[in-house]
1. Each residue of the range 152-165 in turn: what ³J(HN,Hα) in whole Hz from Karplus with 6.51, -1.76, 1.60 and θ = phi - 60°, glycine and Pro shown as x?
2. Are there chymotrypsin sites (Phe, Trp or Tyr not before Pro) in the range 45-87 that DSSP marks as loop and that have at most 11 other Cβ atoms within 10 Å, and which are they?
3. Going through the cross-link list Lys45/Lys198; Lys45/Lys96; Lys50/Lys247; Lys50/Lys110, which pairs have a Cα-Cα distance over 28 Å in this structure?
4. Relative contact order (percent) for the range 5-171, with alpha-carbon contacts under 8 angstrom and 6 or more residues of separation?
5. With N set to the number of residues, divide the alpha-carbon radius of gyration of the chain by 2.2 N^0.38 Å and report two decimals.
6. Taking H placed 1.01 Å from N in the peptide plane, check which residues at least 5 places from Ile143 or on another chain put their amide H under 5 Å from its amide H.
7. Would you work out if the range 231-317 is rounded, prolate or oblate? Take a ≥ b ≥ c from the square roots of the eigenvalues of the alpha-carbon gyration tensor; rounded if a/c is under 1.5, else prolate when a/b is larger than b/c, oblate otherwise.
8. Sort the range 130-200 into rounded, prolate or oblate with this rule: let a ≥ b ≥ c be the square roots of the eigenvalues of the Cα gyration tensor; rounded if a/c is under 1.5, and if a/c is not under 1.5, prolate when a/b is larger than b/c, oblate otherwise.
Amino acid sequence: MMFTEIGTNIEKAAQFLLNEDIVAIPTETVYGLAGNALNENSVSKIYVAKNRPHFNPLILHLSGINQLNQYAFPDQYSILLAEAFMPGPLTLLLPKKSNVPDITTAGSDKVAVRVPNHTLTLELLHAIHFPLAAPSANPSGYISPTTATHVLEGLNGKIPYILDGGFTSVGVESTICEVKNDHIILHRTGGISASMLKEASGLDVIATVHQASTPHTPGQLKSHYAPNTPLYRGNIDALIEQNMGRKTAVISFQKDYSSRGNLDCYVLSKQGNISEAANQLFAIMREIDAKEYDIILTEIFPEEGIGSAINDRLDRAQFLHK
Ligand code: TXA
Ligand code: MG
């Protein structure tokens, strides 16, 4: 076990990274577990600390869009999207250049790249001379961290340093997309919605990620973003009815369901602001998971904007996928 320090010292974080060590970094979406993306030793430490399967590739974090050409071959539409949304919660999947090691992309000839919108991490990226490979800074499969304390809960003793940038501002992981044959494939929903992508590029957006409403083939979808407490989503009144007598936590968008039964209701946004709800989601899931509930019930969120990302994460957090 090593000692895990939390601090705001960019030089210290940079020093660890230069020494092939890994550190947690804040971004506007969730905290990342970062290492030198061009260094195989650093990247392998990321997989080990997270207990991440070796076939799951990592996102390259760059200091600016001027670096895109250094590690990838961006097409004209990807450049448009980068100019519109970077720095910001968008990840582009692009053909990779050979200077990006195979371990970083898990053998794929494509590389995922993004420019995080967080002052501390942008300063850090400018201080070092390599891109950072960074998955979310949680043990594989668990809820992504939105504070430095969340990172510590999952990775204490496994990493030397957590750069503390406060509570993340978006709260769910970046949108991942890819331009292909003059349309956009949406691989993961996030802070940049399908309509924003369409508006910026003029291209149609096709969602290949599973939709919250469509059924899945068993095994197609791995459990992810999942609390230890069993979580179910759907019609909240019916779910409450079915689970009478169990110690229940409800996660709701705007409405308070606490009078419906013997339960605790965690309202994500009293004002009905979908961005605020996304921002609170993971912290509330962690808070609930730390208490002794038998079950978590949650409703279907409005599909507008970042609401699709909330629905996607809650769907994959469901107990039936375990
Ligand atoms: O907001 C975010 O994207 C956060 C912050 C830390 O930047 N990162 C993040 O990383 O969510 P991670 O590893 O938890 O999720 C990245 C996703 C994974 O599902 C991975 O399979 C996919 O991106 N991905 C990364 N590189 C890829 C590639 N070359 N081809 C296909 N999928 C890729
Ligand atoms: Mg993750």
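1. After applying 6.51 cos²θ - 1.76 cosθ + 1.60, I find 4, 4, x, 10, 4, x, 9, 9, x, 8, 10, 7, 8, x Hz.
2. Phe55
3. Lys45/Lys198; Lys50/Lys247
4. Normalised by residue count, the contact order of the range 5-171 is 39 percent.
5. Rg over 2.2 N^0.38 Å, computed on Cα atoms: 0.99.
6. Residues meeting the criterion, in which the H sits 1.01 Å from N, are Ala226.
7. It comes out prolate by the Cα gyration axes.
8. Prolate shape, in that a/c is at least 1.5 and a/b is the bigger ratio.
Bear in mind that the values in this text are calculations on the coordinates, not laboratory data. None of these values were measured; they are calculated from a predicted model. Neighbour counts are summed over all protein chains in view; Cβ atoms, including those assigned to glycine, are modelled from backbone coordinates with ideal geometry.
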